[in-house]
1. So which of PRO209, PRO214 ends up being buried (at least 18 other Cβ atoms within 10 Å of the Cβ), without any contact (Cβ under 8 Å) to a residue 60 or more places away in the chain and in the same structural domain as TRP280 (by TED's automatic domain parsing)?
2. Given (1) touching a residue at least 24 places away in the same chain (Cβ under 8 Å); (2) of a type in the set (D, E, K, R); (3) not in a loop (DSSP other than H, G, I, E, B), identify the lone condition not met by GLU116.
3. If you go through the range 87-103 one residue at a time, do you hit one that is among the hydrophobic types (A, V, I, L, M, F, W, C) and in contact with a strand residue (DSSP E or B) (Cβ under 6 Å, 6 or more places away or on another chain)?
4. Hey, any hits in the range 127-140 for a residue that's assigned to a strand (DSSP E or B) and out of contact with any Leu (no Cβ under 9 Å at 6 or more places or on another chain)?
5. I need a count of the residues in the range 159-192 that are within 17 Å of LYS33 (Cα to Cα), surrounded by fewer than 17 Cβ atoms within 10 Å (Cβ to Cβ) and at pLDDT below 95.
6. Would you check if GLY218 is of a type outside the set (A, V, I, L, M), modelled with pLDDT of 95 or more and on the phi > 0 side of the Ramachandran plot?
7. Taking into account only those residues within the range 248-263 that are surrounded by fewer than 18 Cβ atoms within 10 Å (Cβ to Cβ) and in contact (Cβ under 8 Å) with a residue 40 or more places away in the chain, which is farthest from PHE335 (Cα to Cα)?
8. I'd like to verify a number: residues in the range 158-192 that are over 22 Å from LYS131 (Cα atoms) and part of a helix (DSSP H, G or I), how many?
Amino acid sequence: MKKILISALYAIAVLTSVSCAKHTSVGPNDGNKRYFDAWMQVNHPDAKPVGLGIYILEDKQGQGVEVGDAGYVNLNYKVTDLENNISAYTDKETAKQLGDYDTTSYYGPKFLTTAEGSNPAGLLEAIVGMKVGGYRKVIIPSWLMNYSVYKTEAEYLDPDDEDYNASSYSNAIYEFTISDYTENMGKWQEDQIGKYFKANTDIFGAMTPADSLPDHRGFYYKQLEAPTDTTSFKADTTLYINYTGRLLNGLVFDTSIEKVAKDNGLYSAGKSYKPVQINWGENYEDITMGSGSSSIISGFALTLWQMRSMEKGIGVFVSDYGYKSSGSGSSIPGFAPLIFEIELVAKPED
């Protein structure tokens, strides 16, 4: 019944605009606004816009640090459209509800930057100024899902932008909880690694964030088994390794070891699980993987660079040496520190 009423209201609004077309100009978001206003009138008639024009439906204050406009906020969130169709989420429960749960995917809070223009204007309007631990449910009109920076809602409704396309944006309902906030992402990641060391003293002993490799802040190496020969490798050397990659929470996202793959839900019958070829270089940046000489992330290469014949070790590093702000696939979120356990082994038999 609500959908029918909204459609009727929208039709009336369209007819009204047509009758007045000779006397008024039509902005790029006029139709979007008429539909949105009709939907709000039916579903949330008492809601009032705040700021640039967002609607806060639920609001619970946090007790932690306040989110600023030049940092990184860690959010658990769910995003739906006006028809309650889920378009994005971070939690395992929603994935299971939708039938999309995957044991190899990361579920948990993700970082967004809060600087102007880094995310939709309406979303930043909703987040900045809240405190860690806070929860909010907010409706954001389509024109405020624009990343551009304007001072008023009118400018978003009728932007002075030749490349602007109103159909590129959709109305959204965000539910989110603020898990953490930092203005120094490098230090935040180092602190997380420090907590990981403390939780795994059986492996790392007394290592702390201060124990970075010289000249490579935020990169750490721990030898697990000593090498059989400490001679440095020549640039044209071909080596073979077994490896496993993890997040700090223990999620395994890649491995060359069949048992590890099976134990962690990664196994694929189409993949060959055997030691991987490594092609040594003049420096760590020149190291490549496989017969096709594929490039590798710098943290993986730096870990290898510390190693010698038949050595086993573990590299832990901040996202600057990994997948940076973008992450990789569904397993590695943006700004994620990574762990690689690597063992140099004999060349496998063909």
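The values are calculated or read from the model by the stated rules, or taken from the named source; none is laboratory data. Quantities reported herein were computed from a predicted structural model and do not represent experimental measurements. In this analysis, Cβ positions are derived from the backbone assuming ideal geometry, glycine residues included, and neighbour counts consider all displayed protein chains.
1. PRO209
2. The one condition GLU116 does not meet is (3).
3. Checking the range 87-103: at least one residue is among the hydrophobic types (A, V, I, L, M, F, W, C) and in contact with a strand residue (DSSP E or B) (Cβ under 6 Å, 6 or more places away or on another chain).
4. Looking for residues that are assigned to a strand (DSSP E or B) and out of contact with any Leu (no Cβ under 9 Å at 6 or more places or on another chain), one finds at least one in the range 127-140, hence yes.
5. Final tally of qualifying residues: 4.
6. yes
7. The qualifying residue farthest from PHE335 (Cα to Cα) is ASN249.
8. So the count comes out to 4.
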